Structure formats: C-alpha cells, structure tokens
Amino acid sequence: MLNSAAMLTLLAASLMLFAGGAAGALVFDRESGRCRRMTHGLALCGTVLVLILGIAGLTGNSFELLLPRILPLAGGLALGLDRLSAFFLLTIAVGVIPSTLFAVGYTRQYRQEQALLGFALNVFVPAMMLVVLSRNVLTFLVFWEAMSLASYFLVMTEKDRDETRSAGWLYMVMTHAGLACLLIGFLAMLQATGSFSMPEWARAAEGVDSGVRSLVFLVMAAGFLSKAGAIPFHVWLPRAHPAAPSHVSAMMSGVMIKLGVYGLIRIGFEWLGPGPGWWGVLIMIVGAVSALLGVLYALIDSDLKCLLAYSSVENIGVILLGVGAGLVFRSYNLGSLAALALMAALYHSLNHTVFKGLLFLSAGSVVHVTGTRITEEMGGLLKRMPHTGAFFLIGSLAISAMPPFNGFISEWLTFQSLLLSFRVPEQFINLVFALCIASLALTAGLAAACFVRAFGITFLALPRGQAVEQAHEADWTMRTSMGLLALACLTLGVAPVLALRVLSGAVNEFLGAAPDLSFDWSNIAAASAFGTIAPLWVAVILALLMLAAWVGLRVYGANFSRRYYETWGCGRAVQTADFEYTAAAFANPFKRVFAFLYRPVEETEIEAHSESRFFVKTITYRHESRSIIEDSIYAPIVATVRRLAAKARTVQSGNVHGYLLYILAALLTLLLFAK
C-alpha cells in the first residue's frame, strides 16, 4: 500500500517527465533522431509511472490535492484519485505505452514534424491523465481543452494535405461544439449548487430540481458523446483518425474517446445524483444505433484506417449499451445488476483500447511500407509482412468477439446484463432491452464479416499494386509494441479474472453495490449461474484440438514440407490479381440489403474506340455510398449557416464609420436594457 505522499510523488515525477519531453522537442534539432527518441522516450517513461499510479489506485490507494494559488477563481487546482479514475488511468497507460514505443520507429518519416509531434504528444498524454483526476469545474475544463488542442495539432501533422486540413477543421468544430455543451451544463450546475466542486454536486444534487438535472444531463451527455464519437456526433472521427499518424490514431481511438465515456459515467451515476430510467434508455438507444450503423459503414469502407475509425463508433455503441443498462437498473434499485452492466462497459472499454490499438498500429505498419490506405491496392501482404499480418489477425479475432480473445468476454458480459432485463417490472423497458439485444447480436455478426473482409483483402491473395511488391516487415520497435498488445488480447481473454477482480472492487466502491457476478480462474457465472462460461477451459480445448490435428496429420504421414504449385485457375491459363475477389465485391451484397442507409450512387462510364462506338475501350463503374446522418442532419445545418452567412455579408460594407455606428447602436441598446 502506498500512502498519499508516495502517490503524489509518482504524479509529480510523471508530469516532470512529460514536461521534459515537451521542452526537449523545442530544444533539439527537429530533424534529428535524438529529438524523436528523446521526446517519445520520456513520454513512454512518464506513461509507465501513470500505469503504476493506476494500478496503485485500483488496489485501494487514493489522494486529494488542492493548490489554491493555481486557478484561484474556482478555488484552486483540485485533483483526486478514486478507483474509477484509477481504472481510466490504467486504460490510458495501456493504450499509450505501446503507441509511444511504436512511434520511435514509425515517426522517422516525419522529418520536418518531429518537434510538433514530440511537443503535442507530451501535452496530450498528461492532459488526458489530469482530466480523469480533476475534481472541480475549471480544472476539468482547462485540461479537457488542453487535450483537445494537443490532439488537434497531432491530427494536423501532415497539414499540407487538403484532406488533413479538412479533417482538422471538422474536428475543431465538433470538439468545441461539445465543449460549449459542457460549459452550459457546468454553469447550470454551478448556479444550482453554488459550488465549483464536482463531489459537492453529488451531495447537493437531491436539492436540485429534477427538470434542471434532466436538462443538464441532456446537454452534458451531448458534449461527452461528441468526444466519444457516438452517432450522431461521430462525423469527425472517420476523418480525423485516418488523417492523423497511425500511433496518434491508436491513442485517439483507443484512449481519448474513452474520456467521453468517463464523463458520461460521472454525470449519470455521480455528479447529478440518481436519475430517472429514461436517462439510461436514451443512452441505450444511442448505443444500439451507434453499434449497428458504425459496423455497417465500416463494412463497406475501403480505406483501412477509416474502416477502423467506424469500428470505434461501433464499439463505443457496445460500451454505451452497458452504461445505459446500468443507469436503467439503478433507477429501479437493482444495484447488483447496475454494477454488472457497468462492469461490462468498463471491461469492454479496456478491451477496446487493447485490440483497437493493435489494429491501428498494424494498419500503420501497412501504410508505412505501402504508402496507401486503400485495401483495393493491397493484397498478398502476409508473405511480405508475416508478423504484422499475424498481429492484425489476432486483433481482428478479438474485435470480432472470437474466443479465446478478450472481446468475447466483455461482449458476453454485456449480453448477460441485457438479458437480465426481465427483472425490470415495465414492459416498455423490456421491449427496449430486447431491441438492443437484437442490435448487439446483429452487430456482432456484421463485425465478424467486416474483419474477414479487412484481413482477407489486405493480407491474402495476390498483390494488386506496385507498392505491395516493395513491402517489408516493420521495425523491431513497431513489432514489439504490436506483440505486447496481441499478448494482452490473449491474456485478457484467457484469464479475465485478472481484470474482473479489480473492476469488481472499483464498481463496488463507485456504486455501493457488488456486481451480480461470481468468478474464479476457471469459471465466470452471472446472476447465480444465469449464464456461465469457462474461458480458460475454452482456450485449453482449442489448443488441444489444434495439437490433436497436428499429431493426427503427423501419424497419417502428411507431408509438411513446402510445396510450390500453380493455384487452380478455374480453367484460366494465367492467374492474375484481376481475377481476385475485391473489397467492393465483398461489400456489394450488404450495400444492396441496407441500401436505405447507404443511399448508394451508381455511375457507369463507357469509353468507345475512336474507330467505332460498338467496340468498348474502357468501362468505369463507381458505386459510392452516402451517410444518412450527414445527409439528414449536418447537410441542412451547413446549408442554413451558409444562407445566414450570405445575408450577414450584406452588412459587412468594409466602411469603418459603418462599424462604429453598429457599436454605438449596440451600446445604446445595452444601456436601455440596463436602465
């Protein structure tokens, strides 16, 4: 057990390391390898201390820190550590440590941007850490904004590209729209309680009007869901993540968006006090829609990093199903079920950090050596990048909830918590849960199809582009970081008891109720054996079956030596990449079934020979999809803003005297109302 002084020493040491990394980025030659290794190395060391701090917090250690001379308007800089904060510190560290190690080799290609990458990274990571430690309004907002600005500059690393500038602009607009929502909610609670302290809100919430609390919940939920990337606030995510360097994408998708989940848990379960059941129903509906639409759009995207970004929308939806179910159960005084649902959400948050980090880093290795993100231009990479291909396959199995990997356990826990909804004595709530269960089941099946497509089109068959011919395995630091995450995927799936023990204590402390779950090294049972699973035995049986198959083939006398022979070509004399199954062909049946969502636009261009129009020279076929959310919500908003801007432009005469007249009119109006 560490005392508070030791915990604060760990915190101070980590902040000093990050500060050293940020300062070093400004001092060293921006194009030197020393700058790259030093800035990322100090960030790595600082994050290791964050990991230790998180583990110590999960074992029951805590601290409170108030520095009244810093941010005096809010009563000072207020930080504190409880088990929920410690869990998110652990999640941050698990996502950042392999990403910074990966960046040591990956960022060699960014010669001119070394200073920007090093400085912004050493601001981004401690800002995320301090967000989950914040204990008053101004402290939270300062570090929330620092996190947002640092991530913006990381996204803008390749600012010379039009795609990057567009993504950065959209990310900045959406993140500050979310910040505006948070400001409104914070100011409303400040006025209602008279306190800047969030723990004070929890104690004073019962005296606040229920309508005010519900309004604050809606506004602040919108702000946090915007950061989490839930639908309909997700539009920045599939643009910003592909534009950013791959290790940044891994941290944004695997770590940063979880802080939106953190804020949502705080307002739903603590800061605003006990709420009505419809709070949870709303979050569950948003989660179900996000999960289903996220995987549907991931299924048809040919941009490998954009596909992974949409998959993050899907997994945020799965997490929100657990959070929403917990809020519903809590409103009906089913504390043990609320704890079970929240535990499922937290475990999936950790698992998503692990397997999505692995997938983004693997995709980054592919993009690093091929120079393209388009899966149609890849193929055959498994022979040239066997380690990266194996790691991507493990991540694909984990995110598809296949045993014995970690995604299976957390999705199983989510299903168990949703299936126990029959204990809620209200038919409408039961119907919502049933629809969410159906949505989650469909999402799980579509996710498996999505990553069969992603892995198969990228790594199997014959190369479809010249860049693939020059592909080679990634740097050792990049492979080591991917290997660590792949090992974590297996460990959290085979031995989930390691995580469930600390999560059970964290949820019990936070909600005051133990999860309705019993577990040991061999079995996990939900709600007194309502559902039971033995992940360790599943892994052992799978391993024995594979061993038995190998031994059987040996006994039978199978030839295990490598044999070269031409692939059967269905009667064709020469097998080329032109005959392969493409990503577009794989996704086409889904486009047809879900055409009402994709709203596809089909175009066919035929170019004839100059000698005769009856002889076709080329045929170009495009089958592009559109986003129903962007077309239905954001396109009308953008059109309205442009119309208003065009009308406002008429009063911008450029005449200084005219502007002085406007100022005089405004002052007279204010004086009139003040009087």
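Summary table below
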{"item": "Enumeration of residues in region 127-152 that are of a type outside the set (A, V, I, L, M) and more than 18 Å from the chain's Cα centre (by Cα)", "result": "SER134, ARG135, ASN136, THR139, PHE140, PHE143, GLU145"}
{"item": "Leading residue by the ranking (farthest from TYR347 (Cα to Cα)) among those in region 65-79 that are at pLDDT 90 or above and buried (at least 19 other Cβ atoms within 10 Å of the Cβ)", "result": "LEU77"}
{"item": "Criterion violated by GLY207 - all others in (1) surrounded by fewer than 17 Cβ atoms within 10 Å (Cβ to Cβ); (2) modelled with pLDDT of 95 or more satisfied", "result": "(2)"}
{"item": "Residue that is farthest from PRO245 (Cα to Cα) [pool: residues in region 103-162 that are in contact with a Ser or Thr (Cβ under 8 Å, 6 or more places away or on another chain) and in a loop (DSSP other than H, G, I, E, B)]", "result": "ARG135"}
{"item": "Lone qualifier among SER197, SER246 - being of a type in the set (Ser, Thr, Tyr) and farther than 23 Å from VAL354 by Cβ", "result": "SER197"}
{"item": "Flag for LEU44 being more than 28 Å from LEU264 (Cβ to Cβ), buried (at least 16 other Cβ atoms within 10 Å of the Cβ) and not hydroxyl-bearing (Ser, Thr, Tyr)", "result": "yes"}
{"item": "Any chance HIS247 is buried (at least 20 other Cβ atoms within 10 Å of the Cβ) and at pLDDT below 90", "result": "no"}
{"item": "Those helices (runs of 4 or more DSSP H) lying entirely in region 454-524 with at least 2 residues touching a Phe, Trp or Tyr at 6+ places or on another chain (Cβ under 6 Å) and in contact (Cβ under 8 Å) with a residue 12 or more places away in the chain", "result": "476-494, 497-511"}
{"item": "Unmet criterion (only one of (1) more than 22 Å from VAL132 (Cβ to Cβ); (2) in contact with a Cys (Cβ under 6 Å, 6 or more places away or on another chain); (3) of a type outside the set (Val, Ile, Thr)) for ARG111", "result": "(2)"}
{"item": "Residue check, SER197 of a type in the set (Gly, Ala, Ser), in contact (Cβ under 8 Å) with a residue 24 or more places away in the chain, more than 19 Å from GLY95 (Cα to Cα) and touching a strand residue (DSSP E or B) at 6+ places or on another chain (Cβ under 8 Å)", "result": "yes"}
{"item": "Residue ranges of helices (runs of 4 or more DSSP H) in region 336-430 with at least 1 members under 17 Å from the mean Cα position of the chain (by Cα) and in the same structural domain as GLY465 (by TED's automatic domain parsing)", "result": "386-399, 406-419"}
{"item": "Residue within region 265-284 that is under 15 Å from the mean Cα position of the chain (by Cα), of a type in the set (Gly, Ala, Ser) and surrounded by 20 or more Cβ atoms within 10 Å (Cβ to Cβ) present", "result": "no"}
{"item": "Among residues of region 192-225, those that are among the acidic types (Asp, Glu) and in a helix (DSSP H, G or I), counted", "result": "2"}
{"item": "Neighbours by Cβ (under 8 Å, 6+ apart or cross-chain): first from region 328-346, free of Cβ contacts under 8 Å to residues at least 60 places away in the same chain; second not in a helix (DSSP H, G or I)", "result": "SER331/PRO274; SER331/GLY275; SER331/PRO276"}
{"item": "Qualifying positions in region 438-478 - in contact with a Ser or Thr (Cβ under 7 Å, 6 or more places away or on another chain), buried (at least 21 other Cβ atoms within 10 Å of the Cβ) and not hydrophobic (A, V, I, L, M, F, W, C)", "result": "THR458"}
{"item": "Failed condition for PHE102, given (1) closer than 30 Å to LEU116 by Cα; (2) modelled with pLDDT under 90", "result": "(2)"}
{"item": "Per-region count, region 561-607, residues closer than 19 Å to CYS450 by Cα and modelled with pLDDT under 75", "result": "1"}
{"item": "Residue in region 640-661 that is of a type in the set (Phe, Trp, Tyr), farther than 26 Å from VAL235 by Cβ and surrounded by 10 or more Cβ atoms within 10 Å (Cβ to Cβ) present", "result": "yes"}
{"item": "Among (1) within 30 Å of ILE606 (Cα to Cα); (2) at pLDDT 80 or above; (3) polar (S, T, N, Q) - the single one SER625 does not satisfy", "result": "(2)"}
{"item": "Residue satisfying condition, being under 22 Å from ALA363 (Cα atoms), in contact with a helix residue (DSSP H, G or I) (Cβ under 8 Å, 6 or more places away or on another chain), modelled with pLDDT under 90 and of a type outside the set (Gly, Ala, Ser), within set PRO274, PRO242", "result": "PRO242"}
{"item": "Test result for ALA86, assigned to a helix (DSSP H, G or I), more than 23 Å from THR139 (Cα to Cα) and at pLDDT 90 or above", "result": "no"}
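Per-residue answers, yes or no, for (1) assigned to a helix (DSSP H, G or I); (2) at positive phi; (3) more than 27 Å from the chain's Cα centre (by Cα):
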position: LEU8; (1), (2), (3): yes, no, yes
position: ALA12; (1), (2), (3): yes, no, yes
position: LEU15; (1), (2), (3): yes, no, no
position: GLY20; (1), (2), (3): yes, no, yes
position: LEU26; (1), (2), (3): yes, no, yes
position: ALA43; (1), (2), (3): yes, no, no
position: LEU66; (1), (2), (3): no, no, yes
position: ALA78; (1), (2), (3): no, no, yes
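The values are calculated or read from the model by the stated rules, or taken from the named source; none is laboratory data. Just so we're clear, the structure is a prediction, and the values are computed from it rather than from any experiment. For neighbour counting, all protein chains shown are included, and Cβ atoms are generated from backbone atoms with ideal geometry for every residue, glycine included.
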